[in-house]
1. In region 480-493, what residues are open to solvent by 60 Å² or more (accessible area, probe 1.4 Å) and part of a loop (DSSP other than H, G, I, E, B)?
2. Got a number for residues in region 184-211 being open to solvent by 10 Å² or more (accessible area, probe 1.4 Å), within 30 Å of the chain's Cα centre (by Cα) and not polar (S, T, N, Q)?
3. Scan region 223-265 residue by residue and report those that are at pLDDT 80 or above and open to solvent by 90 Å² or more (accessible area, probe 1.4 Å).
4. Would you pick out the residues in region 464-483 that are hydrophobic (A, V, I, L, M, F, W, C) and either out of contact with any strand residue (DSSP E or B) (no Cβ under 9 Å at 6 or more places or on another chain) or under 30 Å from K174 (Cα atoms) (or both)?
5. Among the candidates I150, I215, single out the residue that is open to solvent by 20 Å² or more (accessible area, probe 1.4 Å) and not assigned by the TED database to the domain that holds G507.
6. Would you check if G81 is among the small types (G, A, S), in contact with a helix residue (DSSP H, G or I) (Cβ under 9 Å, 6 or more places away or on another chain), in the same structural domain as S312 (by the TED database) and modelled with pLDDT under 80?
7. For region 153-178, enumerate the residues that are surrounded by 13 or more Cβ atoms within 10 Å (Cβ to Cβ) and more than 19 Å from A105 (Cβ to Cβ).
8. Exactly one of these conditions fails for T510: (1) part of a loop (DSSP other than H, G, I, E, B); (2) out of contact with any strand residue (DSSP E or B) (no Cβ under 7 Å at 6 or more places or on another chain); (3) open to solvent by less than 80 Å² (accessible area, probe 1.4 Å); (4) not aliphatic (A, V, I, L, M). Give me its number.
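The values are calculated or read from the model by the stated rules, or taken from the named source; none is laboratory data. On a predicted model such as this, the values are computed, not experimentally measured, just so you know. Every residue, glycine among them, receives a Cβ derived from its backbone with ideal geometry; neighbour counts consider all protein chains shown. Heavy atoms of the whole protein, side chains included, go into the accessibility calculation; ligands, DNA and RNA do not. Shrake-Rupley method; radii C 1.70, N 1.55, O 1.52, S 1.80 Å.
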Amino acid sequence: MLRVVSWNINGIRSPLQGVVYEEPSNCSAMAMGRILDKLDADIVCLQETKVTRDVLTEPLAIIEGYNSYFSFSRNRSGYSGLFRVLCLSPGVATFCKDSATPVAAEEGLSGLLATQHGNVGCYGNMEAFTQEELRALDSEGRALLTQHKIRTWEGKEKTLTLINVYCPHADPGKPERLAFKMRFYHLLQIRAEALLAAGSHVIILGDLNTAHRPIDHWDAVNMECFEEDPGRKWMDGLVSNLGCQAGSHVGHFIDSYRCFQPKQEGAFTCWSVVTGARHLNYGSRLDYVLGDRTLVIDTFQASFLLPEVMGSDHCPVGAVLSVSSVPAKQCPPLCTRFLPEFAGTQLKILHFLVHHKQDPMFKQSALQLSNQTQVQMRQNKAHMRSTRPRPSQAGSSKGQKKLMSYFQLPSSHPQVSPNLELPSLDALVTPKTTEDKVMAKVVEVQTKASKAEDEKDLRTSFWKSVLGGPLPMPLCRGHGEPCVMRTVKKPGPNLGRHFYMCARPRGPPTDPSSRCNFFLWSRPS
């Protein structure tokens with residue numbers, strides 16, 4: 001069986017925070033290894049890693065038992081070609097077990113980022129794109145391809161290409177990003193169909209940033225022109241109709257989850273963290289495992305969601321195939337272990353702290369050398385004892401003083417008469433009973449406590465008279481519960497203003513336990 005999992009991790013270091021504290025050594029490598037073990041997959045595809053090459057650390061990139069591949073964003077804020085790019089580092093990464101080592105790996109969809117060796121190839125007809133446009137589409141690190149050899153139950157060896165993709169998000173207020181998203185979709189489809197035409201099976205998995213059907217969105221009924229969204233229309237042309245039966249279909253690919261669960265409601269993979277929508281499952285399904293039609297029908301055994309896995313605003317998705325992986329003998333050049341910053345010959349300090357097995361001849365010679373050294377040290381000590389002068393042979397009276405000499409009185413000090421009697425201390429002090437001492441101690445403690453309490457009350461009353469303190473939170477009308485204060489972050493005349501709203505998580509309007517519509521502007525202080 002071959003198990004593949006995809007997860008928009010929302011920052012490769014974010015989910016590690018909850019795991020790192022469980023590790024005694026606070027080691028990121030152990031934490032990342034635990035996440036991969038928890039997902040329990042032969043191939044793990046991560047999206048939105050939010051790391052660039054200059055900040056990627058070796059513990060996150062090189063995990064024992066896995067070979068990893070990263071695609072980094074090459075952009076900063078500003079303009080890239082025909083599109084304005086944001087100051088983001090989306091990035092994707094693929095971790096393959098050593099038993100599923102790919103035969104080829106490649107960054108991007110256009111082929112412009114490909115190297116001379118270890119590429120996947122098969123780019124299709126890209127005459128509709130300019131070189132500048134292709135460079136802009138691949139500059140954000142949103143696609144990573146790995147090609148594997150698989151063996152079916154009949155013993156036939158075939159090629160499988162995985163396209164790990166993080167499609168752009170289209171902000172309604174930025175039409176240029178919608179154009180960027182649709183051109184990225186077009187390029188993705190061209191590359192996937194070209195690989196199919198070359199004889200390879202293809203799986204597209206990752207965050208497509210589009211809820212395809214109304215069943216995949218929590219509020220599709222109240223959305224205007226849901227079916228007319230350009231992203232959904234594109235998916236209609238890429239994906240076949242629901243169900244695995246042969247017959248009427250449009251695209252070359254099948255949504256594997258809807259193939260096995262065509263009518264499952266509430267199967268969401270993304271929720272708003274700010275509104276706490278995950279508590280009431282108020283989300284949408286943006287993450288997919290799409291397989292070519294033949295591959296899904298012949299080899300897919302299951303397709304699943306993992307909503308119980310926390311650490312991101314998305315949950316992992318995956319599939320199980322009834323094939324076995326045929327690992328390559330050597331990792332492709334894109335593997336992170338071949339990066340110059342990780343492939344240096346300089347020894348690490350850990351190398352000197354780890355116990356290594358020694359050669360028996362070397363160990364025997366070292367033991368002989370140690371024995372000779374100990375014999376020489378004993379001879380030197382015996383020689384030093386024989387040559388050291390004894391106290392009776394010291395010719396000078398100016399020797400070391402004895403310890404008792406410092407406690408003897410000098411001869412000039414007046415002698416104290418042994419018959420002189422000193423007055424007793426009890427005769428000078430009036431004796432007190434034990435009960436009197438206890439009572440005096442109790443009175444002293446009570447006096448100090450009363451004085452400290454009076455001083456505290458005085459300070460408290462003073463600051464209360466100076467500072468009025470925070471006003472109580474207003475109560476929402478829907479539940480009569482204290483509200484929560486928020487700040488307007490949208491550019492406009494109200495930017496920075498505070499307001500109150502219901503503190504409950506966002507959910508369906510028909511659910512009485514979800515957030516009500518209470519809203520109140522905060523008075524300026």
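1. Selection gives E481, K489, K490, P491, P493.
2. Adding up the residues that qualify gives 0.
3. Going through region 223-265, the residues at pLDDT 80 or above turn out to be 225-240, 251-265.
Result: C225, E228, K233, H252, K263, E265.
4. At the first step, the residues of region 464-483 found to be hydrophobic (A, V, I, L, M, F, W, C) are 466-467, 471, 473, 475-476, 483.
Those that are hydrophobic (A, V, I, L, M, F, W, C) and either out of contact with any strand residue (DSSP E or B) (no Cβ under 9 Å at 6 or more places or on another chain) or under 30 Å from K174 (Cα atoms) (or both): V466, L467, L471.
5. So the residue among I150, I215 that is open to solvent by 20 Å² or more (accessible area, probe 1.4 Å) and not assigned by the TED database to the domain that holds G507 is I215.
6. Numbers: among the small types (G, A, S): yes; in contact with a helix residue (DSSP H, G or I) (Cβ under 9 Å, 6 or more places away or on another chain): yes; in the same structural domain as S312 (by the TED database): yes; modelled with pLDDT under 80: yes.
Considered against the rule, which asks whether it is among the small types (G, A, S), in contact with a helix residue (DSSP H, G or I) (Cβ under 9 Å, 6 or more places away or on another chain), in the same structural domain as S312 (by the TED database) and modelled with pLDDT under 80, G81 comes out as yes.
7. Within region 153-178, the first condition is being surrounded by 13 or more Cβ atoms within 10 Å (Cβ to Cβ), and the residues that meet it are 158-170, 174, 176-178.
Hits for region 153-178 are C167, P168, H169, A170, K174, E176, R177, L178.
8. (3)
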